[in-house]
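The structure appears right after this line, and notes come after that.
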Amino acid sequence: MISISSYKGHSVFALLLALMFFHNPLLIALTFIGVNIPDFDHKFKKDRVYKLIILGLIVFISLYILKLPYFVGLIIVFLGITFYFSEHRSFTHSIFGALVLTSAVSLIIIWSYELVLGFTILDNSYLIIAVLIALLSFLFLNKKLLLVFLPVFFLSLFFIKDVDFNYIEIVLALFLGVFSHIVLDSFTPAGIKIFAPLSSKKVYKRFGLISIFILVIFAIMYRLPILFKLFEQYISMF
């Protein structure tokens, strides 16, 4: 039986939330990836954390030698170090951790996008972001999820092409994924240290239920303009 806090449970929960907020496959994919990021603080993922740090160093050195903006490499290293020194279900599973993880991964995507757009002949923004998201999935998704994610992701891009996006939506999609992980873990008997590292106070099921209620309200509010537009179109038909 699958635990509610397993990677499968987290992924399904994040996917449902993403569909409530977004219709853009890029943003839905980012939410799906985001929900799998906090558990990189787990001991059994230390090897992947080492690889993350090494990757960051390689990117940093390569960009530095090429005299290109090298901040992407530094952020990747910072992300790896954050996971290395974090205890499981502590900082990375807190509000502060969610903000740090979201900011770091968002900067990796945005700066990489700007780098590709500014220093190559590629001018298709939608395609560039899609490729960056696919590369990001190799960092944060396990092999079982990748086998499902990549075909579905590229298939969705085939049917839904050139949907508008902005940097704020990228940040929101990632935060929704990371935060949904925290919410779901609050339903476990161990709870979560929501204000780590400032406080060791734990929250449990009540926090999770309130958070889900708030997310649903936000989703409705976020969708209201679209709902009003559909209503106007329906009225105009008569």
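The values are calculated or read from the model by the stated rules, or taken from the named source; none is laboratory data. Predicted, not measured: the structure shown is a model, and the values here were computed from it. Here the Cβ positions follow ideal geometry from the backbone for every residue, glycine too, while neighbour counts run over all protein chains shown. Ligands, DNA and RNA are excluded from the accessible area calculation, which covers all protein heavy atoms including side chains. Shrake-Rupley method; radii C 1.70, N 1.55, O 1.52, S 1.80 Å.
Overview of values
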item: Mean Cβ count within 10 Å, highest first, over the residues of peptides 7-18, 113-124, 177-188; result: 177-188, 7-18, 113-124
item: Computed accessible area, Lys46, all protein chains, 1.4 angstrom probe, square angstrom; result: 40 Å²
item: Listed pairs Lys46/Lys143; Lys43/Lys201; Lys8/Lys51 exceeding 18 Å between Cα atoms; result: Lys43/Lys201; Lys8/Lys51
item: For the chain, calculated [θ]222 nm from helices alone, where every DSSP H run of n ≥ 4 adds -39500 (n - 2.57); result: -24000 deg cm²/dmol
item: Partners for Lys193 among aspartates and glutamates (Cα-Cα distance below 15 Å; same-chain residues under 8 apart left out); result: Asp39, Asp41, Glu87, Asp185
item: Among Val183, Ala98, Ala18 - extreme Cα towards positive end, dipole of the chain, charges at beta-carbon; result: Val183
item: Ranked by how many other beta carbons lie within 10 Å on average, peptides 99-110, 60-71 from highest; result: 99-110, 60-71
item: Prolate/oblate/rounded call for segment 16-110, Cα gyration tensor, a/c under 1.5 rounded; result: oblate
item: Relative packing of peptides 50-56, 209-215, 90-96, 192-198 - highest average C-beta neighbours within 10 Å first; result: 90-96, 192-198, 50-56, 209-215
item: Neighbour net charge for Ser200 - beta-carbon separation under 13 angstrom, K R +1, D E -1; result: +3
item: Prolate/oblate/rounded label for the chain (Cα gyration tensor, a/c 1.5); result: oblate
item: Anisotropy class of segment 1-65 from Cα gyration tensor, a/c 1.5 cut; result: oblate
